[in-house]
Structures are given as C-alpha cells and as structure tokens.
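**Q** Got a structure here, written out as structure tokens. Questions coming.
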Amino acid sequence: MEYFLEKLYRLGLIDKSFLLPGGKELPGLDEKPPSTAVTPEYKRRYVNLKELITRHYNEKVYHFIAKYANLDSDKTHVLSTTEIFSIEQIPRGGIKSLVNLNRINDIRRINKFFEHVNGKLPQSGIFIGCSETLELRYKKLLNKYPRVINLIILMADYILKRVMPKLPVTKKIYFKLTGGRNRIISHAETLGRLYSCGFEIIEEQSIGFLHFFAVRKTGKPAFDTKPSYGMFFPMVRTGKNGKIIRVYKFRTMYPFSEYLQQYIYEKNRLDKGGKFKNDFRVTSPGRFMRKFWIDELPMIYNFFKRDLKLVGIRPLSKQFQSLYPDELLGLRSKFRPGLIPPYYADLPDSLEEIIESEKKYLLAYQKKPFQTDWKYFWKAFVNIAFHKARSK
C-alpha cells in the first residue's frame, strides 16, 4: 500500500481498500454503516478530502489543488501512490483530473508513471503532483544542520541520491537497496520530464520544502527511451537539408532541459547572444564552463565530421525551431550550421532580432560565402575578446 494511505490506515482514519476517488466525503460521515449505528468513534475513523490533504500537508496545498481540480467531482481522482498499477486501475475516459499526493522522488520509473497518467486523461486534462527539488532539498539540509557539517552532509547526500542513481555502474545497486525511492531531482528535470510526457505547466508553487505543479495535457508523450545523464551531451539538431545530426557538448544543463525551450522563452525571453535570461536549467558547473567556452570543445569533433563549419547559423533543436518562421527554416535548411553563429557578430537583443541577424547573414552568404564568413568571424572575435560576449 502506498505510503500516504498506509499511514492514514495505521492511524485508523481510512478503510484499507480506500482509493480516494472523486473527492467526496468518505463513507461514515453521511451514511450509516451496515447493521450498526453511527457513533462518534465511527465518525472519527473518517474525514473528508480537505481534512486529509490539510492533515498530511497544510491548507496552502489544499487550496493549490482545489484551484485546478474540482474535488467535489467524481471525475477527479486523488491518489498517493508511487505505483503505475494504481494508475492502470483508473478507467480510461473516466476522469478529467488526477492528483497524486506522493512526491515523484519516490517513483521508480517517473516517465512511465507520467506516460500512464497522460493516457488516462483527456486532452486538456489536469494532473497535479509534487516533488522535492534539488534546490529545496539543499535549503532544507542547510537549515537543518550546523555549518560545515551541513556541507559535508550535503555533498554525501548528493553523491548517494543524485549521482548513484544516474551512473550505470551504481544505478542497479541504488535501485536494489532503495527501490528507487528518495532520489534527488532538480526543478528543471521535474518540469522537463513533464513536458516530455505531453504536459504543459499551468502553475507551480513551492510550499514548505515541496514543489507543487499543476499541468495540462497537451498531446502524446515523446517516449524518450534514452535520456542523457552523462558528462557528454549529444544534442539532436537539424543540419543541412534537414539531416538530423548529433552535436556534442559537455553537459551544462540538467537532464530533460531540452524539452523546456518554449516554456523558458515565454517565461524569461532572451539575452544578448541568443541565450535565455536567468535560465534555471543551467547547473553551477555549467555556468563556469559556458563562461570560458569549455562546453563547446567537443563540437570540434562535429567540425571534423563536417556536420558544422567554422562560421554559420547555430544548429537548432526541434523545440527551438518551433519559435522560428517557416520561411527562415526553409532558408536555413540549405546551409551547413556553424560553430560561431552570426549573433555573436550582431549581438541581437530579442528573438526577432536574432531571426533578422540570421536572415541577413544567410542572404549575404548566398552571394559571397568566403567574404561573408571572413567578415562575421572577425566581428564575432572582437565582440568575444573585447566586449565580453559569452555564453551564459
């Protein structure tokens, strides 16, 4: 039995078979039990859904959930589970919203869980859940223990619960010992997994040391069977003539961050040089590597493979291409991407200016390829060397 329900059952608050469907009051509040009178003792065994959520968390959590899920409707299912089996028992087409009170850190196969939730919900159906993000976990541990000791605990906690579950060598050991519970998951990875499974964020809110999210189903999952967690990140990009290429970089972002391009663009917009402002997907080591171009070094391999040339438009992900007009995408497909994009020469401020910068470069390159690349190379060199144009 799931942790939350087991805890309530042991307290004598719910029946063992209770599934929390619909958000109605539990049997015993308004209904008489068979062959017995309604006694105060019997009523104390049952509480309504608001009291359950408030007791397990607090009223803020209840109000966050109630804002997006009609808890009085039998089309809303409220669970506290880590098991895909519990999701499979819900009849397809029988719900409009689903709430899971168990944090996703304890789910063994998170994406498979999200995929099953997606399959049970109709288009625009609502899913509400929570996670203990890496950022909130750091905050909790730093406040919990004295100085110096908290840093040691923080480092050990990160290695045991973040690194071990990701490395192929130690992953099996971790899952064997823990069942996959209590893994550390970053804010970016939480949202990225949701987007990869066919959801979009409606609202997110940190309450206490948990991060709650309300998402809407927008389509089918991507079924990403080979997510990258390693130091080298093979980015799937579109090259010349629409050819799919893998561009290699040192990882600077949390896993599944690539699925958040549209979300980050709408939330933060772009900085000069075409990068997103205040991008929470970038790790602390990643910011250092970007500042000194260390993350770009593996792209030299793509240069020698002739996937990329020295100066040229940046190879785009499928998610980023959705931000571009079809006319420019058609023009881009005629040319090989480059290591040094034209926006390091022009330093545009917005996506619209980036689009104009690339269009201007491509039209000039069509007429005079060598002269255009020579000119843009030196303009970019001056901006990088003397005007501190950097990746962020």
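**Q** Rounded, prolate or oblate, given the Cα gyration tensor of region 212-263, with a/c below 1.5 counting as rounded? Intermediate results must be reported in sequence, preceding the final value.
**A** On the way: a/c = 2.21, a/b = 1.40, b/c = 1.58.
Taking the square roots of the gyration eigenvalues as a ≥ b ≥ c, region 212-263 is oblate.
**Q** On to the next question. Would you grab the residues whose amide H sits under 5 Å from the one on Tyr57? Only those 5+ places off in sequence or on another chain, please, with H modelled 1.01 Å from N.
**A** Amide H to amide H, under 5 Å and 5 or more residues apart or across chains, Tyr57 pairs with nothing.
**Q** Highest mean first, how do 205-212, 109-116 rank when packing is the count of other Cβ atoms within 10 Å averaged over residues?
**A** Working: 205-212: 16.9, 109-116: 19.2.
Per-residue Cβ counts within 10 Å, averaged per peptide and sorted highest first, yield 109-116, 205-212.
**Q** Give the shape of region 331-392 as rounded, prolate or oblate, defined through the alpha-carbon gyration tensor: a ≥ b ≥ c are the square roots of its eigenvalues, a/c under 1.5 means rounded, and otherwise the shape is prolate if a/b is larger than b/c and oblate if not. If you can, show how the numbers build up before the last one.
**A** Details: a/c = 2.03, a/b = 1.33, b/c = 1.52.
Oblate, since a/c reaches 1.5 and b/c is not below a/b.
**Q** Here's another thing I want to ask about it. Give me, ordered by chain and number, the residues 5 or more places off Phe335 or on other chains with an amide H under 5 Å from its own placed amide H.
**A** Asn241
**Q** Same structure again: Could you go through region 309-316 in sequence order and give the Karplus-derived ³J(HN,Hα) for each residue, using 6.51 cos²θ - 1.76 cosθ + 1.60 with θ = phi - 60°, rounded to whole Hz, and x for Gly and Pro?
**A** Ordered by residue, 3J(HN,Hα) equals 10, 5, 10, x, 4, 6, x, 9 Hz.
**Q** Would you mind ranking Ser317, Ser322, Ser97 by Cβ crowding within 10 Å, fewest neighbours first? Present the calculation step by step, with values, prior to reporting the outcome.
**A** On the way: Ser317 15, Ser322 12, Ser97 24.
Sorted ascending by nearby Cβ count, the order is Ser322, Ser317, Ser97.
**Q** Would you kindly state how much longer the chain becomes between His63 and Phe232 on full extension, computed as 0.36 nm times their sequence separation minus their alpha carbon distance, in nm to one decimal? Working shown, then result.
**A** Working: separation 169, 0.36 × 169 = 60.84 nm, distance 4.22 nm.
Answer, rounded to one decimal: 56.6 nm.
**Q** For Asn143 and Leu310 in one chain, what is 0.36 nm times their gap in residues minus the Cα-Cα distance, to one decimal in nm? If you can, show how the numbers build up before the last one.
**A** Working: separation 167, 0.36 × 167 = 60.12 nm, distance 4.85 nm.
Difference between extended and current length: 55.3 nm.
**Q** Report the label-to-label distance for His387 and His56 in nanometres (one decimal), using points 7 Å from each Cα along the Cα→Cβ vector.
**A** 5.5
**Q** Let me ask another. Answer rounded, prolate or oblate for region 88-177, using the Cα gyration tensor with square roots of eigenvalues a ≥ b ≥ c: rounded when a/c is under 1.5, else prolate when a/b is larger than b/c, else oblate. Before the final figure, lay out the partial values.
**A** Values: a/c = 4.03, a/b = 1.92, b/c = 2.10.
Oblate.
**Q** Would you mind checking Lys243/Lys375; Lys166/Lys379; Lys60/Lys172; Lys96/Lys240 for any pair whose Cα atoms are more than 32 angstrom apart?
**A** Lys166/Lys379; Lys60/Lys172; Lys96/Lys240
**Q** For region 368-379, what does the Karplus curve 6.51 cos²θ - 1.76 cosθ + 1.60, with θ = phi - 60°, yield as ³J(HN,Hα) per residue in whole Hz, taken in order and with x for Gly and Pro?
**A** Computed from phi, the couplings for region 368-379 are 9, x, 5, 4, 5, 5, 4, 4, 5, 4, 6, 5 Hz.
**Q** Residue-wise, which Karplus ³J(HN,Hα) couplings in Hz belong to region 318-326, taking 6.51 cos²θ - 1.76 cosθ + 1.60, θ = phi - 60°, and x for glycine or proline?
**A** Per residue, the Karplus-derived 3J(HN,Hα) values read 4, 5, 6, 4, 5, 8, 9, x, 4 Hz.
Every read-out reported here was derived from the displayed coordinates using simple, explicitly stated rules and does not represent laboratory data. Bear in mind that the values here come from a model prediction, so they are computed numbers and not experimental data. Note that we place each Cβ from the backbone using ideal geometry, even for glycine, and neighbour counts take in every protein chain shown.
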